[in-house]
Amino acid sequence: MIPPDHPRYRSLMTRERLARCAKKGIVTLEGLTAHGRGEAFDYLIGERTTGSALLAEQTAAAFLLAAHQPVISVNGNTAALAAPEIADLQRASGALVEVNLFHRTEKRMRSIEQLLRDAGVDVLSGEAEQLLLLSHDRAWCRRNGIFSADVVLVPLEDGDRCEALVRMGKTVVVIDLNPLSRTARTATLTIVDELTRALPNITRACVDLSLTERDGLLASFDNNYLLKDAIREMTARLSHVLD
């Protein structure tokens, strides 16, 4: 029997949660595929938060705290996996939370927003408009939310929208286990870590960082270094996996 503190136990519970949410229409079949791809990369970093990932998480907290209007953008997978963690981060950072979906229906929007509210999230409401220069449904967002944000934290992003947000001049922080993805390489700051490990670390840093520490992180961050270190971690683990 796998003990509850073992990383594999976490993976099993995560899969069960996603399967339940898929049956309710909160998670799409495409979302299940995306999660499986992320799990593969998580194995390559040893299912743990690396030193560079923790640095990125602290830097993400610094960006949120320094922002004029920070927004956490949530999709179906994020809501299914980490609604309570999103609530904690919202309280610690003061960020708005907005649901934004690639496979968008009004029914699915309502289901995800209700799941978040049940976990204690104050979800941004109001009419969405097709405000982003995209050819799919992620273009729909609220004018007083993602459209007006200066910093957007986007767990489990897609490359098209990440590029669109960066072109709009926004600071885009992503959580992406694949350091080679277009999202990871386009974002302002990339956290190569698993979602439910990353969010509590960002929340903790929002509470603990001093103003001096925050300013130092913002002045010194180097996303290219963070991506290279994630690849180095994966390469090192692969080279010694059979030792």
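Structure above, values below:
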{"item": "In the range 148-186, the residues that are surrounded by fewer than 16 Cβ atoms within 10 Å (Cβ to Cβ), of a type outside the set (Val, Ile, Thr) and touching a strand residue (DSSP E or B) at 6+ places or on another chain (Cβ under 7 Å)", "result": "150"}
{"item": "Test: residue 189 is closer than 19 Å to residue 203 by Cβ and in contact with a Gly (Cβ under 8 Å, 6 or more places away or on another chain)", "result": "no"}
{"item": "Every residue from the range 125-141 that is within 19 Å of residue 113 (Cα to Cα), of a type outside the set (Gly, Ala, Ser) and surrounded by 18 or more Cβ atoms within 10 Å (Cβ to Cβ)", "result": "138, 140, 141"}
{"item": "Odd one out for residue 92 among (1) buried (at least 23 other Cβ atoms within 10 Å of the Cβ); (2) within 30 Å of residue 211 (Cβ to Cβ); (3) touching a helix residue (DSSP H, G or I) at 6+ places or on another chain (Cβ under 6 Å)", "result": "(1)"}
{"item": "Breaking point among (1) surrounded by fewer than 23 Cβ atoms within 10 Å (Cβ to Cβ); (2) at pLDDT below 90, for residue 77", "result": "(1)"}
{"item": "Those residues of the range 102-127 which are among the β-branched types (Val, Ile, Thr) and in contact with an Asp or Glu (Cβ under 7 Å, 6 or more places away or on another chain), in sequence order", "result": "123"}
{"item": "Residue within the range 102-109 that is in contact (Cβ under 8 Å) with a residue 12 or more places away in the chain and surrounded by 23 or more Cβ atoms within 10 Å (Cβ to Cβ) present", "result": "no"}
{"item": "Residue within the range 191-198 that is of a type in the set (Val, Ile, Thr), under 25 Å from residue 145 (Cβ atoms) and under 12 Å from the mean Cα position of the chain (by Cα) present", "result": "yes"}
{"item": "Test: residue in the range 136-147 that is within 17 Å of the chain's Cα centre (by Cα) and assigned to a loop (DSSP other than H, G, I, E, B)", "result": "yes"}
{"item": "Selection within the range 104-128 - among the charged types (D, E, K, R) and either modelled with pLDDT under 90 or in a loop (DSSP other than H, G, I, E, B) (or both)", "result": "104, 106, 107, 108, 110, 122, 127"}
{"item": "Given (1) within 27 Å of residue 210 (Cα to Cα); (2) outside any helix (DSSP H, G or I), index of the condition residue 46 fails", "result": "(1)"}
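The values are calculated or read from the model by the stated rules, or taken from the named source; none is laboratory data. Values in this document were obtained by computation on a predicted structure and should not be read as measured data. We place every Cβ from the backbone using ideal geometry, glycine too, and count neighbours over all the protein chains shown.
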